[in-house]
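Trainee: Once you've had a glance at the structure underneath, I'll fire off some questions.
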Amino acid sequence: MGTVILGTGSCLPEKRLSNHDLEKLVETSDEWILSRTGISTRRISGKGEEAFQLGTTAARKAMAMANVSVDEIDLIIVATMSSHMTMPSCACFIQKELGADNAFAYDVNAACSGFLFALDSGDKFLRVEQNKKILVIGTETLSSRTDWKDRNTCILFGDGAGAVVLEYKEEERGVVASNLFSDGTLWNLLYMHAASSSNPELEQPDNPGVHILMEGREVFKYAVKAMEAAINDLLIRENIEMDSIDLMIPHQANIRILKKLVSRLGINQEKVFINVQKYGNTSAASIPIALDEANREGRLKRGDLLLVCSFGGGFTWGASLLRW
Ligand code: COA
């Protein structure tokens, strides 16, 4: 018995921004970006491609695959940190677009770990409310939260959305277990201010605007160690050997982080799904986009053991195991 993924969907903006395009914006080169990050292009939203609109399209595709109608959806959880409004939530906008009148909806912000955290919340919800169906969506327009003059960060991020439909089934598959963590003491290694405060007492004089700021090297070190520990811990707890994993879908942050993680875990590289070269780091959307691509490419068969892991601002990180 478990929380099963009935369908997956994703949506990427039309516009591609290549490393050569970035050479015209900041002092950088295709060679530097490719060798440091593995990223070649990323997608950038245009008009009509806000986070809720990308998320809505991804959700429709996931529902079509799941053969689930919008009236059957009871809950919509959206992982994002780049919705066009702080209130209402991105989830409420998606609910409105879908016409999901029977669903309640809310957002989760766990930065790049958002989808994993939202998936865990969805799993826990369905274990209690077992006859319901829910949408879990990761959607981001980080292009609207990027300082396009900062070469340290603007090369890394991209826009996109991915979604899954979940249902609790009396079958020996679904979410096996999750192992999630946060450490707020390390907030200042990867962060983004809110809009400046209208209360002078709370105004932060060093607020540079709503942009992602990062200590890249520190993030790199923590990301590898934290995901490695979360995964090993989870496998030991569940008594599962690394060799039993059929597919690993990590958060697509950076090829060097992924290569280091893969070599430390000792997992066969061919079992690791990577698409960071095409989309860059799409934060909370990266895992559900990759999951949808892997699924549609036929990389997942019934009974396969899937490992997903993530790391992001907060810091937040973790790993989950799913039986497909
Ligand atoms: N193009 C050219 N040079 C650049 C550059 C760019 N886009 N960005 C930084 N540089 C320069 C730096 O200014 C620095 O120059 P200096 O030595 O003259 O000061 C030099 O390149 C090396 O910078 P450094 O930050 O040490 O590079 P790095 O090898 O650590 O790579 C990252 C930088 C950001 C790619 C790397 O630290 C990283 O991947 N970190 C993790 C980021 C991440 O994934 N964050 C999200 C997690 S969810």
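The values are calculated or read from the model by the stated rules, or taken from the named source; none is laboratory data. Since we're looking at a predicted model, the values are computed, not measured. Positions of Cβ are generated from backbone atoms using ideal geometry, with glycine treated the same way; all protein chains shown enter the neighbour counts. Note: areas computed on protein heavy atoms with side chains; ligands, DNA, RNA excluded. Shrake-Rupley method; radii C 1.70, N 1.55, O 1.52, S 1.80 Å.
Trainee: Lys and Arg at +1, Asp and Glu at -1: add these up for the other residues within a Cβ distance under 12 Å of I240 and post the number.
Mentor: Within the 12 Å Cβ shell, the charges total -3.
Trainee: Modelling each spin label as a point 7 Å along the Cα-to-Cβ direction, I'd like the N152/A229 distance in nm, to one decimal.
Mentor: Between N152 and A229, the label points sit 2.4 nm apart.
Trainee: Might you tell me the accessible area per residue for the chain, computed with a 1.4 Å probe and given in Å²?
Mentor: Averaged over the residues of the chain, the accessible area is 44 Å².
Trainee: So, in nm, how far is label K15 from label S29 when the simple model puts each one 7 Å beyond its Cα toward the Cβ?
Mentor: 2.7
Trainee: Let me ask something else. Just add up the charged neighbours of A103: K/R +1, D/E -1, any other residue whose Cβ is under 15 Å from the Cβ of A103.
Mentor: Neighbourhood net charge equals -4.
Trainee: Residues of segment 1-24 with backbone nitrogen within less than 15 Å of a virtual label 7 Å along the Cα-to-Cβ line of R36, please, listed as ranges.
Mentor: In segment 1-24, the label zone of R36 (backbone N under 15 Å from the point 7 Å along Cα→Cβ) covers 19-20, 22-24.
Trainee: Right, next: Hydropathy at least -1.0 by Kyte-Doolittle, axial extent at least 20 angstrom from the Cα trace: which helices of the chain, defined as entire DSSP H runs, fit?
Mentor: Helices meeting the criterion: 51-66, 114-128, 216-238.
Trainee: Give the residue list of trypsin sites (Lys or Arg not before Pro) in segment 139-203 that are DSSP loop and have at most 14 other beta-carbon atoms within 10 angstrom.
Mentor: K149
Trainee: Under a crude label model (7 Å from the Cα following the beta-carbon direction), how far is M85 from N275 in nanometres?
Mentor: 3.0
Trainee: Which semi-axes, in whole Å and largest first, does the equivalent ellipsoid of segment 215-324 have when worked out from the alpha carbon gyration tensor as the square roots of 5 times its eigenvalues?
Mentor: Value: 20, 17, 12 Å, ordered largest first.
Trainee: Tally Lys/Arg at +1 and Asp/Glu at -1 over every other residue whose Cβ is under 14 Å from the Cβ of A194; what's the total?
Mentor: Residues close to A194 contribute a combined charge of -1.
Trainee: Quick check on segment 2-171: what are the equivalent-ellipsoid semi-axes from the Cα gyration tensor, as sqrt(5λ), descending, whole Å?
Mentor: 33, 15, 14
Trainee: DSSP loop GluC sites (Glu not before Pro) in segment 193-279 with at most 14 other Cβ atoms within 10 Å of their Cβ, which ones?
Mentor: Those satisfying the criteria are E203, E241.
Trainee: Could I ask something else about it? For the chain, what does the helix formula give at 222 nm: sum of -39500 (n - 2.57) over DSSP H segments with n ≥ 4, over the residue count, nearest 500 deg cm²/dmol?
Mentor: -9500 deg cm²/dmol
Trainee: I need the calculated FRET efficiency for the pair K259 and D101, taking r as the beta carbon distance and R₀ as 30 Å, to the nearest 0.05.
Mentor: 0.05
Trainee: Give me the percent of the accessible area of the chain that comes from carbon and sulfur atoms, probe 1.4 Å, all protein chains in place.
Mentor: 47
Trainee: Still on this structure, I have one more. How big is the accessible area of W32 in square angstrom, nearest 10, if you roll a 1.4 angstrom probe over the protein chains?
Mentor: Ignoring ligands and nucleic acids, W32 comes out at about 100 Å².
Trainee: Shifting gears a bit: What does the convex hull of the Cα atoms of segment 77-233 come to per residue, in Å³, rounded to a whole number?
Mentor: Per-residue hull volume (Cα only) is 154 Å³.
Trainee: Which trypsin sites (Lys or Arg not before Pro) does segment 260-324 hold that lie in a coil by DSSP with at most 16 other beta carbons within 10 Å?
Mentor: K301, R302
Trainee: Computed from the mean reciprocal separation of all distinct C-alpha pairs, what Kirkwood hydrodynamic radius does the chain have, in Å?
Mentor: Taking the inverse mean of 1/r over all distinct Cα pairs, the chain comes out at 19.7 Å.
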